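Worksheet for the structure shown next.
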Amino acid sequence: MDVLAAPQDLLRSVFGLRGFRGQQEAVIAHVMAGGDAIVLMPTGGGKSLCYQLPALSRPGLGVVVSPLIALMRNQVASLRQLGVNAAALNSAISQEERGQIWQDLRAGTLDILYVAPERLMMPEFLDMLTRREISLIAIDEAHCVSQWGHDFRKEYLMLAELRERFPGVPRMALTATADVQTREEIRWRLGLDGAELFLASFDRPNIRYNIAPKASPMRQLLAFLKTHEGESGIVYCLSRNAVEETAAALNSHGIRALPYHARLDAGTRARNQDAFLAAEDGLVLVATIAFGMGIDKPDVRFVVHMDLPGSLEAFYQETGRAGRDGAPAETMLLYGMQDLMLRKKMIHDGEAPDEVKRVELGKMEALLGVCETAGCRRQAILGCFGETLPAPCGNCDTCLTPAETWDATVPARKALSAMLRTGQRFGVGHLVDVLLGVETDKIARFGHDKLPTFGVGKELDRKGWQSLFRQLAARGVVETDHENYGALVMTQTGRPILRGEEEVHLRRDVKPRTAKRADRAFAASGDTALFEALRQERARIAKEQRVPAYVIFHDTTLSAIAEAKPASLTALAEVPGMGRSKLDRYGETILAVLAQNAA
Ligand code: ADP
Ligand code: ZN
């Protein structure tokens, strides 16, 4: 294609967009001038344009390193729709496709090549590339280089070599992972010492956060999904079993759900993933964290965590998969004492050296802080990423239904005392029995009915005590005994509470909200019938070309067409998302749909 125009012009002619967003313009100018860059933007922030535009505008081939085959495939499909000659080189393509790519590379006709890191670093391939002109090298999902992170890929470590192999070629590292440690690790591991850092705000204002104690998870999930009928989203579970059970339960309730986890055979996994990517009407993908990285489906309307994620970063990245198109999206996290103890145990039992474990614990505790805050969730989250949101957001559960706090100083002392007097060898269930004065066999066997704390806790019911222990654990006042998993022990921070020197104020657990249905992304505005007709036409085209519908047009573009009702190709060209190539391919068809629905 006729590339090498200025980025501004390509933005309009190829991508059909009016202007840059946020830091895009600054990043692109920097890379156009030959500089290296580290780009941190939240999911949906618009990272792709940051490398696609300079790749097309600078002479030579743009190389994009990407860890995931599904991601490459969709990016390439989207670029081809725009008339860009893009290709993906990975283990999933046929011998024939591979041959074609090599041929195109030799002929210099490729604009952008997506490549898996291990392929790129094959000596033969590198040798061939070094003889070509390269416009830039973009390393997507660059946090995969971090050994302390949740997506570590050892192939990424090899990418440091690119600096020596391609001197003078601008290199970019892009990620949606926000924390300072990962950022610095990306810099030194990828040899990006002189790279300029572009740090966007990590706020995702269109995402509504809900966090609730896990009471009856399936019921809570069903209540949540009821407010999202006809929409697609992801439900994360910790274990493969939980994935299978949850998916089956949803189907038995008449909600279309598919499982996804590492144990499924590759064929089923790919089929379920493709079904989700293509889904336009309600489909729930129930998955372990094996699913999601690089999923760029723009219209994921909700993300649910049935179990506590391992860190605040993991939580934020997973929830960030909702609402990339900027339309309203909602998330819900359920967590309980069990989760919390299990996560700590996983870190403790892990192979990592002690200092790494300390960092992991810190990241987990940051998430617990967000879970237990009585203030705005978004303020708490962004605060952990070093960003200040000046006012409560108005779009999270605590902003919408303010959390009550209560003075738990006396009950907290009773709880700690019950732990100490029973020798710090028992779990929550037994401790609550002691506090409530329940005469179980176990109580009798250990003689715990003789303790002064036996039955002193009548002011709270079982749920109340469970909530109190959970919150004490979340604050690190108590933790599980690493030798005797399940038993609670007091930490140093418990002493002043026990001695009555420190007050404890806790959040009162609120009943899960019975939410009104969130506004459907687009139906509310404009001509619904026309929007649906356009969707049908898009579905037909997508099916014909065997690509997900959003590769043809995003919902945002269809809704803009439905609103503007352009009468000519020239007017249609003004709609955001309508680049030259799409206008050529689909312009007439769309005008025909508009004419048919003009009545
Ligand atoms: P990221 O890779 O950062 O998660 P993407 O590059 O996939 O984000 O972009 C997210 C969405 O925002 C896409 O639907 C994309 O088309 C849209 N987008 C990106 N930049 C712009 C822009 N300048 N104007 C309008 N839409 C944009
Ligand atoms: Zn808020």
statement: At the level of C-alpha centres, the distance separating segment 216-266 and segment 115-170, in angstrom, is 37 Å
field: Ranked packing of 185-194, 288-297, 435-444, most packed first, by mean Cβ within 10 Å
entry: 288-297, 185-194, 435-444
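What does the extension gain come out to for LYS565 and GLU164, with contour length at 0.36 nm per residue minus their alpha carbon separation? Could you put the intermediate results ahead of the total?
Values: separation 401, 0.36 × 401 = 144.36 nm, distance 5.31 nm.
Extra length available between LYS565 and GLU164 comes to 139.0 nm.
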- request: With a 10 Å radius around each residue's Cβ, average the other Cβ atoms per peptide and rank 274-280, 357-363, highest first.
  value: 274-280, 357-363
task: Name the residues whose placed amide hydrogens come within less than 5 Å of the amide hydrogen of ILE134, ignoring near sequence neighbours (fewer than 5 apart) on the same chain.
output: LEU61
- line: Between GLU118 and ARG540, the two model label points (7 Å from Cα along the beta-carbon direction) sit apart by a distance in nm of 4.4 nm
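State the extension gain, in nm to one decimal, for the chain segment bounded by ALA6 and ALA391, taking 0.36 nm per residue of separation less the distance between their alpha-carbons. Walk me through the numbers before you get to the answer.
Working: separation 385, 0.36 × 385 = 138.60 nm, distance 3.96 nm.
Additional length available on full extension: 134.6 nm.
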task: Quick one: angle between helix 95-107 and the longest Cα principal axis of the chain, in degrees between 0 and 90, rounded to 10, please.
output: 60 degrees
- prompt: With +1 on each Lys and Arg Cβ and -1 on each Asp and Glu Cβ, how big is the dipole of segment 1-133 about its Cα centre, in debye rounded to the nearest 20?
  reply: 300 debye
- prompt: In degrees from 0 to 90, rounded to the nearest 10, what is the angle of the helix 528-545 Cα long axis to the longest principal axis of the chain?
  reply: 70 degrees
- request: Count the DSSP beta bridges whose two residues both fall in the chain, then state the antiparallel fraction as a percent rounded to the nearest 5.
  value: 10 percent
message: Counting only protein heavy atoms and a 1.4 Å probe, tell me what percentage of segment 437-485's accessible area is made up of carbon and sulfur.
response: 47 percent
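Given a Förster radius of 35 Å and the C-beta distance between GLU532 and ASP104 as r, what FRET efficiency does 1/(1 + (r/R0)^6) yield to the nearest 0.05?
Values: r = 40 Å, r/R0 = 1.13.
Result of the calculation: an efficiency of 0.30.
Just check the chain against the gyration tensor rule for me: Cα atoms, a ≥ b ≥ c as the square roots of the eigenvalues, rounded for a/c under 1.5, and otherwise prolate or oblate depending on whether a/b exceeds b/c. Let's see the in-between values first.
On the way: a/c = 2.31, a/b = 1.69, b/c = 1.37.
Verdict is prolate for the chain.
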Positive-end residue, the chain charge dipole about Cα centroid, Cβ charges, pick of LEU199, GLY336, LEU277: GLY336
query: What 222 nm value per residue comes from the helices of the chain, counting each DSSP H run with n ≥ 4 as -39,500 (n - 2.57) and dividing by all residues, nearest 500 deg cm²/dmol?
result: -13000 deg cm²/dmol
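Specify, per residue and in Å³, the volume enclosed by the convex hull of the alpha carbon atoms belonging to segment 239-334.
Values: hull volume 9.8 nm³, N = 96.
Dividing the Cα hull volume of segment 239-334 by its residue count gives 102 Å³.
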query: When only C-alpha pairs under 8 Å and at least 6 residues apart count, what is the relative contact order of segment 142-233, in percent?
result: 26 percent
- request: Quantify, in whole percent, the carbon and sulfur part of the accessible surface of segment 207-400 (1.4 Å probe; protein heavy atoms only).
  value: 53 percent
- prompt: Among LEU468, PHE531, GLY350, whose Cα sits farthest toward the positive end of the charge dipole of the chain (+1 at Cβ of Lys/Arg, -1 at Cβ of Asp/Glu, about the Cα centre)?
  reply: LEU468
- prompt: Which FRET efficiency, nearest 0.05, do GLU196 and ASP441 yield, Cβ-Cβ r, R0 56 Å?
  reply: 0.25
field: Under-5 Å amide H pairs with VAL64, H placed in peptide plane, nonlocal only
entry: LEU113, TYR114, VAL115, ALA138
message: Output the 0 to 90 degree angle, nearest 10, between the alpha-carbon long axis of helix 337-349 and the longest principal axis computed from the alpha carbons of the chain.
response: 70 degrees
- prompt: Going toward the positive end of the dipole of segment 523-596, with +1 on Lys and Arg Cβ and -1 on Asp and Glu Cβ, which of VAL547, ALA564, ILE590 do you reach last?
  reply: VAL547
- request: Can you tell me the FRET efficiency between ARG263 and SER91 if r is taken as the Cβ-Cβ distance and R0 is 25 Å, rounded to the nearest 0.05?
  value: 0.80
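Report the charge-dipole magnitude of the chain in Debye, nearest 20, computed about the Cα centre from +1 at each Lys and Arg Cβ and -1 at each Asp and Glu Cβ. The partial results should precede the final answer.
Numbers: 72 positive and 74 negative charges, 197 e Å.
The calculated dipole for the chain is roughly 940 debye.
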message: I want to check the label-to-label distance for ALA29 and ASP203. Put each point 7 Å from Cα in the C-beta direction and report it in nm to one decimal.
response: 2.4 nm
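The values are calculated or read from the model by the stated rules, or taken from the named source; none is laboratory data. As the structure is a computational prediction, the values presented were derived from the model and not from experiment. FYI the Cβ positions are ideal-geometry reconstructions off the backbone, even for glycines, and counts take in every protein chain you see. For the accessible areas, the whole protein counts, side chains as well, though only heavy atoms, and no ligand, DNA or RNA atoms are used. Shrake-Rupley method; radii C 1.70, N 1.55, O 1.52, S 1.80 Å.
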